[in-house]
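**Q** Quick one: structure below, then a few questions.
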């Protein structure tokens, strides 16, 4: 997509919400604040009510931070759950064969 933007094929980037653009708030901020404006790209995040044509959205950076924190929190919880299940002797995946 970035190559298409740089070649001028794309005029608008539309995502369901900001987390679909990325979970790393630094890179999402780079795209929404620098890259897209430099390439005259309209950016829309439908569920987060972000539209670059309507000016800066003060809530968007906070949502990006929350998206990153959510991803880290879920990852930590899944690892903990797998560790507990593994310690109890429960299989963590399907066996490579069918009995």
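Every number here is computed from the coordinates shown, using simple stated rules; none is lab data. The shown structure was predicted, so the numbers you read here are calculated from the model rather than taken from an experiment. All Cβ positions, glycine included, derive from the backbone under ideal geometry; neighbour counts span all protein chains shown.
**Q** Inspect all residues belonging to segment 82-93 and state whether any of them is touching a residue at least 40 places away in the same chain (Cβ under 8 Å) and assigned to a helix (DSSP H, G or I).
**A** For segment 82-93, residues touching a residue at least 40 places away in the same chain (Cβ under 8 Å) and assigned to a helix (DSSP H, G or I): absent.
**Q** How many residues does segment 47-61 hold that are closer than 14 Å to residue 16 by Cα and either without any contact (Cβ under 8 Å) to a residue 12 or more places away in the chain or more than 18 Å from the chain's Cα centre (by Cα) (or both)? Step through it out loud before you land on a result.
**A** Looking only at segment 47-61, we keep the residues that are closer than 14 Å to residue 16 by Cα, and these are 47-51, 60.
Adding the requirement that they be either without any contact (Cβ under 8 Å) to a residue 12 or more places away in the chain or more than 18 Å from the chain's Cα centre (by Cα) (or both) leaves 49, 51.
Qualifying residue count, segment 47-61: 2.
**Q** Here is a follow-up. Given the conditions (1) out of contact with any strand residue (DSSP E or B) (no Cβ under 9 Å at 6 or more places or on another chain); (2) without any contact (Cβ under 8 Å) to a residue 12 or more places away in the chain, report the number of the one that residue 64 does not fulfil.
**A** Failing condition for residue 64: (2).
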